[in-house]
Amino acid sequence: MPLRRRVPTWTELRPLVRLERPSLSAEARLGRASTIEDLRTKAKRRTPRSVFDYVDGAAESELSMLRARDAFDAVEFRPRVLRDVAHVDASMDLLGVTGPIPLILSPTGFTRMMHHEGEWAVGRAAARAGIPYTLSTMGTVSVEDLAADVPGLQRWFQLYLWQDREASTALIRRAAAAGFETLVLTVDTAVGGQRLRDVRNGLTVPPALTPRTVAGMARHPRWWANVLTSEAIEFASLRSSSGTVADLVDRMFDPTLQLQDLAWLREEWAGRIVVKGIQHPQDARELVDLGVDGIIVSNHGGRQLDRAAAPLELLPEVVDEVGGQVPVLLDGGVMNGADIVAAVALGADAVMAGRAYLYGLMAGGEAGVDRALEILVSQVHRTLRLLGARRLADVRGSGQVRLRHSTTPAITAYQAHQGETL
């Protein structure tokens, strides 16, 4: 029988019509972001190019950053079915901090350039989510101000050792007095990486009023209005901060830093010391032997040495070398809750992420960071349920996660260590 067409009645159409009042609120706009990539797109529209590129870019040809993401893209999940996953547990408890997922927000410099509330906005959002936050030496809010303004925040402090050791000592004493209990020592900045986007954009600290930036005011008037009418953007811990970021690193940071300097730092700092920037298992072993409390496998987000290996691919080899003596964290390339699950499955005790929350900050300030953290938490829980795992710890060594294109000794070592074939 041939199909007979007809005109639908209003009674039939009415239940299908969904009319919503348009909303210009930040919450409604950010609520439409379903992924960190969505927030990245919004951030790109709302900030000047030089600011966006400072966050989004990396060193030289940016291969290190791309490899970090490529490693996560190569992850393959192998779910189990017919499991009760009505309730899942992805919580973290390590090194004196806890969280709903194994995530610690990475230290990022010059954060008030991304949004005028900077570290204050990040700290408040992190405290609400119960996620720890690491304040950077290159931060634009002081240790005292962050501690006073966000007292409920779980706080770590990231340290670059300066050539002026007296100044370094004074800074870590201030951090200790402000209640920071864990020090994250970054060790991959003997010199500043060549971040070509910043060079080409003429980015300086603080941003200079040049013909290019003045032209950018017309495209991003709200960003410039906030910058020009709030406190001056400057590094809260540095005496001198003029020029480019690379100039600052080369002028102030200590390129003579060696293993024996850890003994000096241990004398000056009574709390935990976690070392960030490890890209070789032998370095991890030497640091553990010196008594550090944790290791962070990281290539600085690809912002220092180009052509570096992907942290995710290095991770199992470092985990095998450390042998469970201290927690091992991963930093670099984390843009999705599924990345967090994959990192834990391959040996990480937790991950750190920087760009992910900075995209949210640029997209919508404090509410944007809220949304970024909501996205990551929900993605972790959903990934666990779809994997058929009740607890995040259950995926570690379970054979449910593997890197499709990787046959590196690192992965082989981890497989042997776990006694599993991934």
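The values are calculated or read from the model by the stated rules, or taken from the named source; none is laboratory data. These numbers were taken from a predicted model, which means no experiment stands behind them. Quick reminder, even Gly has a Cβ in these numbers, built from the backbone with ideal geometry, and neighbours come from all protein chains shown. The accessibility values were calculated without ligands, DNA or RNA, using every heavy atom of the protein model including side chains. Shrake-Rupley method; radii C 1.70, N 1.55, O 1.52, S 1.80 Å.
Of note:
- The stretch 261-306 - percent relative contact order, Cα under 8 Å, separation 6 or more: 41
- Shape category assigned to the stretch 108-201 from the gyration tensor of Cα positions, a/c cut at 1.5: oblate
- Summed side-chain charge close to Ala225 - residues other than Ala225 whose Cβ falls under 15 Å, Lys, Arg +1, Asp, Glu -1: +2
- Whole-percent carbon and sulfur share, accessible surface of the chain, 1.4 Å: 51
- The stretch 301-365 and the stretch 78-96 have their alpha-carbon centroids 19 Å apart.
- Considering the chain at the alpha-carbon level, its Rg and Dmax are found to be 22.9, 91 Å.
- Available extension along the chain between Thr256 and Ala393 is 45.4 nm, counting 0.36 nm per residue and deducting the alpha carbon span.
- Potential extension, Ala225-Arg174 segment - 0.36 nm per residue separation minus Cα distance: 15.1 nm
- Mean Cβ neighbour count within 10 Å, used as a protection proxy, ranking 283-295, 220-232 highest first: 283-295, 220-232
- Environment charge at Leu330 (Cβ cut-off 10 Å; Lys +1, Arg +1, Asp -1, Glu -1): -3
- Mean ellipticity per residue at 222 nm, deg cm²/dmol - from DSSP H runs of n ≥ 4 across the chain, formula -39500 (n - 2.57): -13000 deg cm²/dmol
- Remark: spin-label model distance Thr41-Ala190 equals 4.2 nm, labels positioned 7 Å along the Cα→Cβ axis.
- Fully extended contour minus Cα-Cα distance, from Arg382 to Arg29, at 0.36 nm per residue: 124.8 nm
- With the largest listed first and rounded to whole Å, the semi-axes of the equivalent ellipsoid of the stretch 71-117 from the Cα gyration tensor are 32, 18, 11.
- Rolling a 1.4 Å probe across the protein heavy atoms gives the stretch 1-89 an accessible surface of 76 Å² per residue.
- Relative contact order, whole percent, for the stretch 327-377 stands at 33, derived from Cα pairs under 8 Å and 6 or more residues apart.
- Couplings 3J(HN,Hα) for the stretch 304-320, derived from phi with the Karplus relation 6.51 cos²θ - 1.76 cosθ + 1.60 (θ = phi - 60°), are 10, 8, 7, 6, 6, 6, 6, x, 4, 6, 6, 3, x, 5, 5, 4, 5 Hz, where x marks Gly and Pro.
- The stretch 246-299 - Rg and Dmax from Cα coordinates, angstrom: 12.3, 34
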